[in-house]
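The values are calculated or read from the model by the stated rules, or taken from the named source; none is laboratory data. These numbers were taken from a predicted model, which means no experiment stands behind them. Positions of Cβ are generated from backbone atoms using ideal geometry, with glycine treated the same way; all protein chains shown enter the neighbour counts. Heavy atoms of the whole protein, side chains included, go into the accessibility calculation; ligands, DNA and RNA do not. Shrake-Rupley method; radii C 1.70, N 1.55, O 1.52, S 1.80 Å.
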Amino acid sequence: MIEFDLEKEGVRGLNSRLQALAPDTNERKWSVLNPMGAHAIAVGLTQPITVEVQGHAGFYCGGMNQHAEVIVNGHAGPGVAENMMSGIVRVKGNASQSAGATGNGGLLIIEGDASSRCGISMKGIDIVVGGSVGHMSAFMAQRGNLVVCGDAGEALGDSIYEARLYVRGKVQDLGTDCIEKEVKPEHLEDLARLLERAQIKADPKSFRRYGSARKLYNFNVDHADAY
Amino acid sequence: MDKTPQTTPRKSATFDDYTLSEIRRAASTGIYDIRGGGAKRKLPHLDDLLFLGASISRYPMEGYREKCGTNVIIGTRFAKKPIELKIPITIAGMSFGSLSAQAKEALGRGASLAGTSTTTGDGGMTPEERGQSKTLVYQYLPSRYGMNPEDLRKADAIEVVVGQGAKPGGGGMLLGQKISDRVAAMRCLPKGIDQRSACRHPDWTGPDDLEIKIMELREITNWEKPIYVKVGGARPYYDTALAVKAGADCVVVDGMQGGTAATQEVFIEHVGQPTLACIRPAVQALQDLGMHRKVQLIVSGGIRNGADVAKALALGADAVSIGTAALVALGDQDPHWEAEYQKLGTTAGSYDDWHEGKDPAGITTQNPELAARLDPVLAGRRLSNYLKVMTLEAQTIARACGKTHVHNLEPEDLVALTVEAAAMAGVPLAGTNWIPGRGGNY
Ligand SMILES: Cc1cc2nc3c(=O)[nH]c(=O)nc-3n(C[C@H](O)[C@H](O)[C@H](O)COP(=O)(O)O)c2cc1C
C-alpha cells in the first residue's frame, strides 16, 4: 500500500501520479491520507488500481473513472463518480447530491444514504445505495440500475427513460412518467448480482421495481400538463 | 360619382400576416412553433456601426503589403497547452444529431484549412470530426450526451456550455425523427424518441460549483486544455465576471441572433439580448477584473462577414464564432434546391424546420440519402474560402484604420448610426460625440 499525504502533496500531485501509472504498474494499492474534503480526488483514473481515501472527500471524487476502484472511508460530496465509465467507486459513509450523475458504466456503491438527484441522467452505470436516496433521484435516468435498500424521496424517476429502479423501502412519490413495474425473474437475478457485488445483504425479493411508462417519449400536446 | 369612396384595405402592423398565420397554426395544432436558426426579427446589430478609417491623425497601412496580423491565442491563463488560431473566427458548436456526420466533417475540414478551430456539440464527438479537425473544442453540456474521458483527452480545448444565445435558460430537444441508430447509440437512448437536452448541469449549480467543476475537468486532463465557458446573452457583465472567477480561460458570449438546431420560436425571438448589446458589458467585466486579453472573449450570434468580425474585435472581443453562416457556406439554403424547398412549403433562405430532418441541402438531417448530397471535401473547401474572405475583409478594415493586427482595432475606430446602437456599443452617435447612457454632451 502506497501512502499519499494529500495535505502535503495536494490533489494535483495525487491525480498526476495516479493518471501517469502504466497498465503494468505494480503500484496498485494506494492510501490517500488527510483528504479533508478536498475536491476532485482520484478523478480521470484509467488503470485497474485501488485507491482508498482515508476520510471525507469533496466534490466529484472518482469522477470519470475508468477501471479503478476508489474507496472512500468517509462521506463523499456532490457528484461522486460523476460520468464514471467503468470500475468501482465505494463510499462507506453518505454521499451528497447527484451521486453517479451521468455515469456510463461501472458500479457505484454508497453504503449510507445518498442525497437528492442520485443517478441523475445516468447512462448505464449501476448504483447500489445501502440507505435511502433524496428527492428527484434518477431524474431523466437513461440506462443502468439504481438499487435503493432504504427509502426514496419525492419524484423518484421523474422523466425517466430506460433505467431500472429498485427500492426496498417507501417511495414518497413517483415523478412524471415513472410507474411501478412487475419484478420478473430476470430482475431478481440482476438484483442478486448487484447486491452481491456491492456486498450488501438484502433479499432481492423484498424490492419493488420502477421504470418508465414511456408515455412522454414523443411530444404530445395533450400531455403538456403532465410535467 | 355614384360610388361611396372606400378606404384602401389596410393590414394591422400589430396583427401582421405572420402573426395571423401563427395564430391559425397554433389553433389548429395545439403545439408551439419549433424551428431552427436564430432571431429573425430586425435587431440593433453590428450593421449599425461604421468604421471611421484613417485621417490626418491616423495613418493607414498599405493593403496586402504591410503586415496585419490575425492570429489569436486562447488559453494563456491556466492551460499548459493554449491553442493558437491563424484567424479570429472559429466554428461554433453544432451537434452531431442536429447536423449530419458529413456536415460535421466538412466543418472540420474547412476550419482546419483556414487555420481555425471547430467545436463538437450536444451528442458528443464523432471520429470524422476529430479526424478532420486540427483544433477541436469539445463541448461539456448539461445533457452530457456522449461525454467520456477518452474524447475529453482527445480534445484541444473544452467548452463548458451554460447557455446559448438562441435560448438562454433553455435546454434542447432533438425530435424522434432525427434519431438514427448512430445518434441513439451515442446518446445511450432508444431510437426514435424525442431526446431532451437538460437546461441545467446535473452536478453543479452556480459559480462556486462551476469553479470546482472546472478544476475537476482540468485535473482529468492534466491542466493541458484551455477551458471555455459559453453563456447565452442574458447578463453578459455578470456572467463574464463569474466565468472568470470560476477559472475560465476563455468566455464565449452568444447573443440572441445566434442560431440553434431547434427551439421554440417564442424563446428564440423573446429571450436574451442582441449580440451588439452583449459585447461591451462582457469586455467591461474583463477590464474591471484586469483580465481583458488575459481571459479571451469570443463573441457569436449573427456574424456574417469581415466587417462584423472587425466590429466585434474593435469592441473588445478576441475572436468571433459562426454557426449559421458556416452552414450557409457549406451549402445550406442554396437556391439550387429551390424546387425541394418549395415542396416543403418554404423557400431557399427561409427554411428553418431543421428539427424535421428533411433538409434538401443534406446538412441538418440524419437521412442518409439527403446527407449523401453533401460532399465533405468540397463543402469544407467552400467553408475555408469563406473564412479566408472574412479574414481578408477584417484585415482590409484594420489596415484602413492603421492597425498592424486586427486586435488593435478599438472602440475609438467606430461610430454608431442609431442612438440605440450608440448606447449598446458605447460608441458615439455618428456626427456627434454623444454616447447615450454615458453622460457627455453633443
Ligand atoms: C444547427 C445548429 C446546432 C447547434 N448546436 C449547438 C450545440 O450543440 N451546442 C451549443 O452550445 N450551441 C449550439 N448551437 C449554437 C452555436 O454554437 C452558436 O452559438 C450560434 O450558431 C452562433 O450564432 P450564428 O448561428 O448566428 O453564427 C447550434 C447552432 C446551430 C445553427
Discussion item. Based on the alpha carbons, how large is the Rg to Rh ratio for segment A:105-227 when Rh follows Kirkwood?
Written reply: 0.97
Fill in: Burial of 40 Å² or greater, segment A:17-39 residues [accessible area, probe 1.4 Å, versus chain by itself]
A:His39
Worksheet item: Where is the GNM fluctuation largest for chain B (alpha-carbon springs, 10 angstrom cutoff): B:Glu128, B:Glu393, B:Glu62?
Response: B:Glu62
Worksheet item: Of all DSSP beta bridges located in the protein assembly as shown, what percent are antiparallel, nearest 5?
Response: 20
Worksheet, complete the sentence: The relative contact order of chain B, taking Cα pairs under 8 Å that sit 6 or more residues apart, comes to a percentage of 23
Item to complete: Find the lysine pairs in segment A:2-226 meeting two conditions, Cα atoms under 21 Å apart and a separation of 8 or more places or different chains, and report how many there are.
Response: 13
Worksheet item: When DSSP beta bridges are limited to those with both residues in segment B:46-409, what percentage is antiparallel, rounded to the nearest 5?
Response: 15
Discussion item. Given a Förster distance of 30 Å, report the FRET efficiency between A:Lys181 and B:Tyr32 from their Cβ-Cβ distance, rounded to the nearest 0.05.
Written reply: 0.40
Practice prompt. For chain B, with all protein chains present and a 1.4 Å probe, just round the carbon and sulfur fraction of the accessible area to a whole percent.
Written response: 55
Response to the item:
segment A:2-226: antiparallel bridges as % of DSSP beta bridges, rounded to 5, reads 15
Worksheet item: Computed FRET efficiency, Cβ-Cβ of B:Arg58 and B:Asp288, R0 45 Å: what is it to the nearest 0.05?
Response: 0.95
Practice prompt. Enumerate the amide H contacts of A:Asp5 below 5 Å, restricted to partners 5 or more residues apart or on another chain; note that Pro and chain-start residues carry no placed amide H.
Written response: A:Leu33
Practice prompt. For segment A:34-139, calculate the relative contact order in percent as a whole number, restricting contacts to Cα pairs under 8 Å that are 6 or more residues apart.
Written response: 18
Practice prompt. With a Förster radius of 41 Å, plug the Cβ-Cβ distance of B:Ala185 and B:Glu84 into 1/(1 + (r/R0)^6) and report the FRET value to the nearest 0.05.
Written response: 0.75
Practice prompt. Quickly work out the A:Glu9-to-A:Asp24 label distance, labels modelled 7 Å from Cα along the C-beta direction, and quote it in nm with one decimal.
Written response: 2.3
Item to complete: Select from segment B:362-442 those trypsin sites (Lys or Arg not before Pro) which occupy a DSSP coil region and have at most 12 other Cβ atoms within 10 Å, ordered by residue number.
Response: B:Arg438
Response to the item:
Here Rg/Rh (Cα, Kirkwood) for segment B:1-90 equals 1.28
Discussion item. Placing +1 on the Cβ of each Lys and Arg and -1 on the Cβ of each Asp and Glu in segment B:46-409, which of B:Gly93, B:Val295, B:Pro190 has its Cα farthest towards the positive end of the resulting dipole?
Written reply: B:Val295
Discussion item. Need the list of lysines near B:Lys67 for cross-linking: C-alpha distance under 22 angstrom, and skip anything on the same chain fewer than eight residues off.
Written reply: B:Lys86, B:Lys311, B:Lys388, B:Lys403
Item to complete: Would you give the gap between the C-alpha center of segment A:176-208 and the C-alpha center of segment B:55-127, rounded to a whole Å?
Response: 51
Worksheet item: Quick one: putting +1 on the C-beta of Lys and Arg, -1 on the C-beta of Asp and Glu, what dipole do you get for segment A:2-226 around its Cα centre, in Debye to the nearest 20?
Response: 260
Worksheet entry | Residue (of B:Thr8, A:Ala20, B:Leu52) at the positive-pole extreme of the protein assembly as shown, dipole from beta-carbon charges | B:Leu52
Response to the item:
With the full set of protein chains present, the residues of segment A:42-74 whose 1.4 Å probe accessible area falls by 20 Å² or more relative to the chain alone are A:Val43, A:Gly44, A:Phe59, A:Tyr60, A:Met64, A:Gln66
Discussion item. Placing unit charges on C-beta atoms (Lys and Arg positive, Asp and Glu negative, everything else neutral), compute the dipole magnitude of chain B about its Cα centre in debye, rounded to 20.
Written reply: 460
Discussion item. Could you tell me which residue out of B:Ala111, B:Gln366, B:Val253 lies farthest along the dipole of segment B:46-409 toward its positive end? Charges go on the beta carbon: Lys and Arg +1, Asp and Glu -1, centred on the Cα centre.
Written reply: B:Ala111
Worksheet item: What percent does the relative contact order of segment B:316-427 come to when contacts are Cα pairs within less than 8 Å and at least six residues apart?
Response: 19
Worksheet item: Where in segment B:198-222 does accessible area fall by at least 50 Å² between the isolated chain and the complete protein assembly, at a 1.4 Å probe radius?
Response: B:Pro202, B:Asp203, B:Ile212, B:Glu216, B:Glu219, B:Ile220
Worksheet item: Cα-Cα over 27 Å: which of B:Lys154/B:Lys213; B:Lys104/B:Lys358; B:Lys42/B:Lys245; B:Lys178/B:Lys213?
Response: B:Lys42/B:Lys245; B:Lys178/B:Lys213
Worksheet item: Summing -39500 (n - 2.57) over the DSSP H runs of n ≥ 4 in chain B and dividing by its residue number, what mean residue ellipticity at 222 nm do you reach, to the nearest 500 deg cm²/dmol?
Response: -10000 deg cm²/dmol
Worksheet item: Expressed as a whole percentage, what fraction of the accessible surface of segment A:2-226 belongs to carbon and sulfur atoms when a 1.4 Å probe is rolled over the protein heavy atoms?
Response: 47
Discussion item. Running a GNM on chain B with Cα contacts under 10 Å, which residue among B:Lys225, B:Lys104, B:Lys294 ends up with the highest mean-square fluctuation?
Written reply: B:Lys294
Practice prompt. Please get the size of the charge dipole for the protein assembly as shown, origin at its Cα centre, with Cβ charges of +1 on Lys and Arg and -1 on Asp and Glu, quoted in debye to the nearest 20.
Written response: 640
Worksheet item: Could you give the angle, 0 to 90 degrees to the nearest 10, between helix A:6-19's Cα long axis and the longest principal axis of the Cα atoms of chain A?
Response: 70
Fill in: Per residue accessible area of the protein assembly as shown, 1.4 Å probe, in Å²
40
Worksheet item: What does a probe at A:Asp173 reach in segment A:121-155, counting residues whose amide N is under 11 Å from the point 7 Å along Cα→Cβ?
Response: A:154-155
Worksheet item: Taking both sides together, what accessible area is buried at the A/B interface, probe 1.4 Å, expressed in Å² and rounded to the nearest 100?
Response: 3000
Worksheet entry | GNM top mover of A:Leu165, A:Leu33, A:Leu45 - chain A, alpha-carbon springs below 10 Å | A:Leu33
